[in-house]
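Report on the structure given below.
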Amino acid sequence: MSKKITREEALRLFKEYNQEESLLRHALSVEAVMRHFAALFEEDVEKWGIIGLIHDLDYERYPEQHCVKVREILEAEEWPEEYIHAVQSHGWGICSDIEPVHRMEKVLYTIDELTGLIAAAALVRPSKSVLDLEVKSVRKKWKDKAFAAGVNREIIANGAEKLGMELNEVIKETIAGMRTVAEEIGLKGNL
């Protein structure tokens with residue numbers, strides 16, 4: 001019988017290992033988008049959300065061991081293997097050789113970078129909000145390689161392909177997920 005993980009426990013653990021406000025906002029963004037996609041695909045919303053929330057657990061404290069150290073931390077906390085594998089797989093091809101195979105893992109892999117691009121695109125708008133952000137605005141910024149240069153667009157495109165979804169659809173649904181937590185992630189803007 002594997003341990004039942006709660007959101008409260010995941011958030012406590014995340015905050016124990018990460019103090020940076022920007023990392024928490026990113027974790028909350030990814031959590032919301034994962035929950036959105038889980039609902040879309042009629043999957044376990046809680047589980048997907050928790051995995052989104054915890055995905056960068058080891059990032060601040062162990063940047064050189066990102067997606068590796070997390071296994072040790074979560075095993076010590078007696079987290080299920082399924083959760084650990086999902087978290088490790090989001091860094092596939094960057095800092096992990098664990099390929100995302102399940103739909104949940106493919107979504108996490110795809111939207112992790114995408115949330116960063118969307119947040120950046122929202123912040124340069126007059127409204128500074130994700131609430132009025134449209135897919136075409138994100139696509140325009142996508143083409144500008146100097147904009148949010150740290151965002152790996154190839155990963156997002158590969159992820160969309162792995163999911164069998166059009167890139168515009170993935171962007172649309174990711175924006176929709178982020179809108180649900182606009183205030184918490186600092187992207188409500190002046191709307």
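We did not get these values from a lab; they are worked out from the coordinates using the rules stated. Just so it is clear, the structure is predicted and the values come from calculations on it, not from any experiment. All Cβ positions, even for glycine, are placed from backbone atoms using ideal geometry, and neighbour counts span all protein chains on display.
Summary of computed values
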item	result
Rg over Rh [alpha-carbon atoms, Kirkwood Rh] for the chain	0.95
Label-point separation in nm, GLU82 to GLN19, each point 7 Å along Cα→Cβ	3.6 nm
Cα long-axis angle, helix 103-123 against the chain (0 to 90 degrees, to the nearest 10)	40 degrees
Sum of side-chain charges, ALA182 neighbourhood, beta-carbon under 13 Å (Lys, Arg +1; Asp, Glu -1)	+2
Rounded to 10°, Cα long-axis angle of helix 167-179 versus longest principal axis of the chain	80 degrees
Straight-distance crosslink candidates among lysines, where the alpha carbon sits under 18 Å from LYS143 and sequence neighbours closer than 8 are dropped	LYS172
